[in-house]
Amino acid sequence: MTSILITGIGELTTNDDELGRLASAAIVLDGDRVAWVGSAASAPDADERVDVAGRAVLPGWVDSHTHLVFAGDRTAEFEARMAGAAYQAGGIAVTVGATRAATDTELADGLRRHLAEAAAQGTTCVETKTGYGLTVEDEVRAARIAAEQADEVTFLGAHLVPPGTDAREYLDLVCGPMLVAVAPHVRWADVFCETGAFDEEQSRRVLRAAADQGLGLRVHGNQLGRGPGVRLAVEEGAASVDHCTHLADSDIAALAGSTTVATLLPACDLSTRQPLPPGRELLDAGATVALASNCNPGSSYTSSMAFCVATAVLQMGLSVEEAVRAATWGGARALRRETGDGAVGVLRPGARADVHVLDAPSVTHLAYRPGVPLTHAVWRKGMRVR
Ligand code: NIG
């Protein structure tokens, strides 16, 4: 195992309560773990030395919400939306058709390309979902392909009732044979609780069946309007409820009093011409907030976590520190990976060696210079990927 001393760090964001934010810092990676963090003046020696010349260093982005096992393109739908058409859950069916028609190799190659694109921008931990297969065979295939490449995989058979299918029969399939077949490949299950997708009763059924199968829970909720999604997620003990665009005061209070993370997806809200989620209000109320890209071909075709951070600061009232924490530690918390050996979203001894070096002296530049590619170097599991 090779050890690497990264020194000359102008500003080090650790997300560790004891270490805090350090100036003139250094960090040692040993294999796939962080071995040491502290002042550059007292840094131990290592096999290799990399001087980052005063640049800012932070944990790699943790993108806790993507849909990357897909084929096809929805540029025409995006153009129609920009001309005034509304985003509708039914667009998912277009990607389902293209995904079913693709070969395993095409799906795996597409996933690899998107993960590489994200890594080149500093993303080192990615959750991705099924949900564009919607048959037992196609959902198992998506889960298997995802599990070969992504850090975390979520079963989203309850993404949409496939057109022409009876809702009751489809739900029986999702909560029965499909769940059983997909479960060995995934850690999480999710449901799109929204008008046009699944109602509260249906969603609760999916979540309870998944919990009985031993899976952790996530919910797509309150994306297109107020509804039961957030309350349901909290009641069922979901690790995260994602979107949270249209929240009642009672939703914010429920999140603040829970361990369910509010995962905000601002790139999706911009692309679907929705308002931005109330990130400031959630933080002020005491809720835990994550930022994620929601990279998918329909509602949010970007892998840029820096764009999400800049939007959260410029348009949602988060400080740079809050937004960076939400896109690193917050995502890790939403995936229950923020503590212990191999934790992500933090830089402390024992954490996974996922390091993002900015071509800037401070994280402030992420919002101060929006749209500028600021990733200078990236290590994932101790390997230089950029
Ligand atoms: O998170 N909301 C549901 N699922 C995705 C959209 C997927 C699609 O439109 O293809 C989302 O936005």
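Here A76 fulfils each of the conditions (1) within 20 Å of L156 (Cα to Cα); (2) more than 13 Å from the ligand (Cβ to nearest atom); (3) of a type in the set (A, V, I, L, M) apart from (1).
Yes/no matrix, rows are residues, columns are (1) buried (at least 21 other Cβ atoms within 10 Å of the Cβ); (2) farther than 14 Å from N294 by Cα:
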site	(1), (2)
R204	no, yes
L207	yes, yes
H220	yes, no
E236	no, yes
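Pairs meeting the criteria (first residue in the range 222-237 and farther than 15 Å from A253 by Cα, second residue part of a helix (DSSP H, G or I) and of a type outside the set (D, E, K, R), beta carbons under 7 Å, at least 6 apart or on different chains) are E236/L207.
Each residue in the range 162-196 was checked for being outside any helix (DSSP H, G or I), modelled with pLDDT of 95 or more and in contact with a Leu (Cβ under 8 Å, 6 or more places away or on another chain), and 10 pass. Looking across the range 28-68, the residues that are more than 16 Å from V309 (Cβ to Cβ) and charged (D, E, K, R) come down to D30, D32, R33, D45, D47, E48, R49, D51, R55. A93 passes every criterion in (1) away from the ligand (no atom under 13 Å from the Cβ); (2) part of a helix (DSSP H, G or I); (3) among the small types (G, A, S) apart from (1). Screening the range 218-308 for helices (runs of 4 or more DSSP H) wholly inside it with 3 or more residues that are of a type outside the set (S, T, N, Q) and away from the ligand (no atom under 12 Å from the Cβ) returns the ranges 229-235, 249-256, 279-285. I'm checking my understanding of the structure. Among residues of the range 347-386 that are among the basic types (K, R) and within 20 Å of the chain's Cα centre (by Cα), which one is surrounded by the most Cβ atoms within 10 Å (Cβ to Cβ)? The residue in question is R352. Residues that are touching a Leu at 6+ places or on another chain (Cβ under 9 Å) and over 17 Å from L19 (Cβ atoms) were ranked within the range 320-346; the one that is surrounded by the most Cβ atoms within 10 Å (Cβ to Cβ) is G331.
The values are calculated or read from the model by the stated rules, or taken from the named source; none is laboratory data. From a predicted model like this one, the values you see are computed outputs, not experimental measurements. Quick reminder, even Gly has a Cβ in these numbers, built from the backbone with ideal geometry, and neighbours come from all protein chains shown.
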